[in-house]
4 protein chains.
Amino acid sequence: MNNKAEKRREQILRAAFQAVSEKGFHSVTLQDIADYADVSKGVTSYYFQNKEDVFRHLLEWVTEKIYKNEHAAISKEHTAPDKLRAYVHAAFANPSDNRKFYRVYLEFLAQANHNEQFRDTNDRFYENCWSIGREIIQLGQKEGTFANVDIDKASYTIRALIDGSLIQWLMQNNDQLHTFYRDNCLETLSNYLTNKNNQNSN
Amino acid sequence: MNNKAEKRREQILRAAFQAVSEKGFHSVTLQDIADYADVSKGVTSYYFQNKEDVFRHLLEWVTEKIYKNEHAAISKEHTAPDKLRAYVHAAFANPSDNRKFYRVYLEFLAQANHNEQFRDTNDRFYENCWSIGREIIQLGQKEGTFANVDIDKASYTIRALIDGSLIQWLMQNNDQLHTFYRDNCLETLSNYLTNKNNQNSN
Amino acid sequence: MNNKAEKRREQILRAAFQAVSEKGFHSVTLQDIADYADVSKGVTSYYFQNKEDVFRHLLEWVTEKIYKNEHAAISKEHTAPDKLRAYVHAAFANPSDNRKFYRVYLEFLAQANHNEQFRDTNDRFYENCWSIGREIIQLGQKEGTFANVDIDKASYTIRALIDGSLIQWLMQNNDQLHTFYRDNCLETLSNYLTNKNNQNSN
Amino acid sequence: MNNKAEKRREQILRAAFQAVSEKGFHSVTLQDIADYADVSKGVTSYYFQNKEDVFRHLLEWVTEKIYKNEHAAISKEHTAPDKLRAYVHAAFANPSDNRKFYRVYLEFLAQANHNEQFRDTNDRFYENCWSIGREIIQLGQKEGTFANVDIDKASYTIRALIDGSLIQWLMQNNDQLHTFYRDNCLETLSNYLTNKNNQNSN
DNA sequence: GATGAATGAGCGTTCATTCAT
DNA sequence: AATGAATGAACGCTCATTCAT
């Protein structure tokens, strides 16, 4: 039955996610994934064309999950500043999840330079992230709470700072800094977007 | 002579840098490095303990080079805004160099999660980057051109935005966007640091 | 099934035995073992941790086989002189088997000096050999056919002469001498143990 | 000058002997030998055709040394029993020397099965050893102190027991047993050769 | 004579992939 | 649908050998 197969595939993707997060993209063997998924070695090859196919689906699966979560978070709020806060707080979910995701995500970003499919998937993820940014900024400009920044530029900037901050945080290997980076990120973005006199001069 | 050996080692590191940039960290074989360096297979093993030792030295070599270049760039300027511009322009040197460096750097960041030595080296690189930021901000605050932001926070933020922007740029695979990202990064940081009313509220 | 795996392991050990006997311990490659076993190169690594693990098991397997064979031989006899004859004849089975075994055994003895596990296995083999000697001598002394030699000493001596003789025979590379060495060994041991006046003077 | 070259060659053989004794025949690299000899890597290749050539000369050199020493020892004595004692005591020189020699010798014996030149050299060594035995026995029979054993047989037996005993001793890795094995060897040979009633019945 | 940098053949080991069951 | 035994390609590493200096 299709549903069962889908469950198996997700079971394997979860295992692969865990495995890559703990052991690293290139150390992970199909045997590792099988072990984490508590299935036999052949199963992964049965449900995916090959190892790369697993990773391709893993990247899609994990970025989709991240996007949906972030999108859901801003949907619950109604003002632009609240949405911004919700976005940043969703992106900085918690040390454990962030570590797991960014460890894996960094490996994929690195691979994306040599793998078009990864790059395509990341492009879609970026588009999704930017669309969240745009949505927030447009609302803010309608509300008058956000400055008249270029919407595209700003949405790029938002994601760049989020990713840049979380990568820097990850490298510190210090969970205590998580709140600091989150709050600093939010504060910087708030200042950046807030309507003072800092109109974009372009 | 020691000097000759040192040259050989650098020759190999250059080759490894090129190889990793083009083929990716884990695809690179010792044979690849030898080919890029135009030497025989055994040479790399002769000058480095093993493959990991090559990469360890490569990361040190390349981050040191980046830091020195950026530090030299700000040293030529005398006002904080000029230094900031020089820093960002040095970091966004040109598409070709940025692509090469960030491709390799991303791979190391990904590996750093599973390799303490890489993490240590990156920690030193971060410290160096932050020190550049601090130097600029301190000067700006003395001059009165920069706002009274928390210096540490701001120096983290500067690097986070630079790295975040360049990684995002890299993923677009579109050299045309390089200037855009550079200018946007500089503008955002300028706004962030410039003394308007956006005093740090902490 | 476990039994099938056990068969494979023994198949590989037989192949390794043959390979070491013909090519020598250090010339033997995993490919050689695979060729002798008529399996692919990966199989040996599949059933054993590594090459050394193969040899470790090979030494255990082959010394155990030799001991069991010799022990079975003396068990069939009922008087000490008959047992002694049976022991020596079992040890000097035939040129072909002796050549194969001592070629391999010599390599292991040589390696044992640098490999504790080999030494341990050989220690167990020695204990087993000596126990055969002790059993024969004790019976002989009970029967009154064997002199009052020190049992431990004599059991060491018996094995030393058997090994010393077979090594010397092996080095001659002349099968014709096999019977001569066997008979001389038995005769010398008989004289040594037989109850004349040569009581141990210690 | 020829003499200087000869010295260099012996220096290398000594180093090789030490290296093989400590590290084992197959672990020893030309670099090891160079290190032990305190010369540079190229020297060994300069004075010997190749690695095997070193070992070939090493075996000759070391067996010759052993033979000469044993022959000198018996030459100092005048009665057969004294010569026998001298022979055994020379063969069982001391734990340290015996360990060094037999470690190396065992490796050569093992290799001899796959290397005709080693076998030839060992044949000469055996001939020399047997000639010592024959000399002693002939004298003993002339004196009437030794029984009428077959001289060839007995000389083989003597060396077989000496080698068998020392190999067994070596494997125990216990210097304390050295005297025991030596005395037991001598006693057994004495009993074997001494003129009681144990005339050889062949 | 002596050095040691450079070469490249060869081997152990890993592991994705296949396929008989 | 699932297993895991078997295969063999590929790579890191070692080291004997060569040779320019």
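Above 13 Å lies some portion of the pair distances; for segment B:1-48, what is it as a whole percent of all C-alpha pairs? The answer is 49 percent, as a whole percent. Think of the axis that spins chain D onto B; the D residue whose C-beta lies nearest it, and the distance in whole Å, is D:Gly42, 4.
What's log10 of I(q)/I(0) for segment D:25-67 at q = 0.29 Å⁻¹, Debye sum over Cα points only, no solvent? Log-scaled intensity ratios, in q order: -1.06. Remark on D:Thr194: its backbone amide H falls under 5 Å from those of D:Ala147, a criterion applied only to residues 5 or more positions apart or on other chains, H modelled at 1.01 Å from N. Spin-label model, D:Glu127 to D:Ala72: label points 7 Å out along the Cα-to-beta-carbon direction sit 2.3 nm apart. Per-residue Karplus couplings for segment A:150-155, computed as 6.51 cos²θ - 1.76 cosθ + 1.60 with θ equal to phi - 60°, are listed in order as 5, 5, 4, 3, 5, 5 Hz, Gly and Pro entered as x. Sorted shortest first, the separations between the C:Gly42 label point and its copies elsewhere in the assembly read 1.4, 3.1, 4.5 nm; each point sits 7 Å from Cα along the Cα-to-Cβ line. Annotation: lysines with alpha-carbon distance below 25 angstrom to D:Lys7 (same-chain offsets under eight excluded): D:Lys23, D:Lys41, D:Lys51, D:Lys65, D:Lys68, D:Lys100. Solvent-accessible area of D:Arg9, all protein chains in place: 60 Å² (probe radius 1.4 Å, heavy atoms, ligands and nucleic acids excluded). When the charge dipole of segment C:1-70 is built from unit charges on Cβ atoms (+1 for Lys and Arg, -1 for Asp and Glu) and taken about the Cα centre, the candidate among C:Tyr67, C:Tyr46, C:Gln31 whose Cα reaches farthest toward its positive end is C:Tyr46.
Counting Lys and Arg as +1 and Asp and Glu as -1 over every other residue whose Cβ lies under 12 Å from the Cβ of D:Asn2, the net charge comes to +3. Measuring nothing but how far apart in sequence close Cα pairs (under 8 Å, 6+ apart) lie, relative to its length, chain C scores a relative contact order of 19 percent.
For a modelled paramagnetic label at D:Ala5, 7 Å from Cα along Cα-to-Cβ, the residues of segment D:38-59 in reach, with backbone nitrogen under 12 Å, are D:46-49. Between copies, the label points of D:Arg14, set 7 Å from Cα on the Cα→Cβ line, lie 4.8, 5.2, 7.1 nm apart, reported in increasing order to one decimal in nanometres. When the residues C:Tyr47, B:Tyr102 are ordered by accessible surface, computed with a 1.4 Å probe over the protein chains alone, the sequence from largest down reads C:Tyr47, B:Tyr102.
Shape analysis of segment D:44-92 yields a ratio of the Cα radius of gyration to the Kirkwood radius, Rg/Rh, of 1.28. Applied to segment D:90-106, the Karplus parametrisation 6.51 cos²θ - 1.76 cosθ + 1.60 on θ = phi - 60° returns per-residue 3J(HN,Hα) values of 5, 5, 8, 3, 6, x, 4, 5, 4, 4, 4, 5, 6, 4, 6, 5, 4 Hz, with x for Gly and Pro. Computed over protein heavy atoms with a 1.4 Å probe, the carbon and sulfur contribution to the accessible area of chain B reaches 43%. Think of it as helices only: each DSSP H run of n ≥ 4 in chain A is worth -39500 (n - 2.57), and spread over all residues that comes to -26500 deg cm²/dmol at 222 nm. Taking θ as phi - 60° and the Karplus parameters 6.51, -1.76 and 1.60, the scalar couplings of segment C:69-82 work out to 5, 5, 5, 4, 4, 6, 5, 6, 9, 10, 10, 4, x, 5 Hz in sequence order, x denoting glycine and proline. Using only Cα coordinates, the Kirkwood hydrodynamic radius of segment C:1-89 works out to 14.5 Å.
Over all alpha-carbon pairs in the protein assembly as shown, figure out the percentage whose distance exceeds 41 Å. The answer is 55 percent, as a whole percent.
Protein heavy-atom accessible surface, 1.4 Å probe, per residue over segment D:15-125: 43 Å². When accessible surface is computed with a 1.4 Å probe, chains C and D are found to bury approximately 3900 Å² between them, both chains counted.
Its alpha carbons considered, segment C:51-193 gives a radius of gyration followed by a Dmax of 15.2, 50 Å. For segment B:101-141, a drop of 30 Å² or more in accessible area on going from the chain alone to the assembled protein chains (1.4 Å probe) is found at B:Arg103, B:Leu106, B:Glu107, B:Leu109, B:Ala110, B:Asn113, B:His114, B:Arg119, B:Tyr126, B:Trp130.
The values are calculated or read from the model by the stated rules, or taken from the named source; none is laboratory data. In this text the structure is predicted, and so the values were computed from the model without any measurement. Quick reminder, even Gly has a Cβ in these numbers, built from the backbone with ideal geometry, and neighbours come from all protein chains shown. Keep in mind that these areas ignore ligands, DNA and RNA; they rest on the heavy atoms of the full protein, side chains included. Shrake-Rupley method; radii C 1.70, N 1.55, O 1.52, S 1.80 Å.
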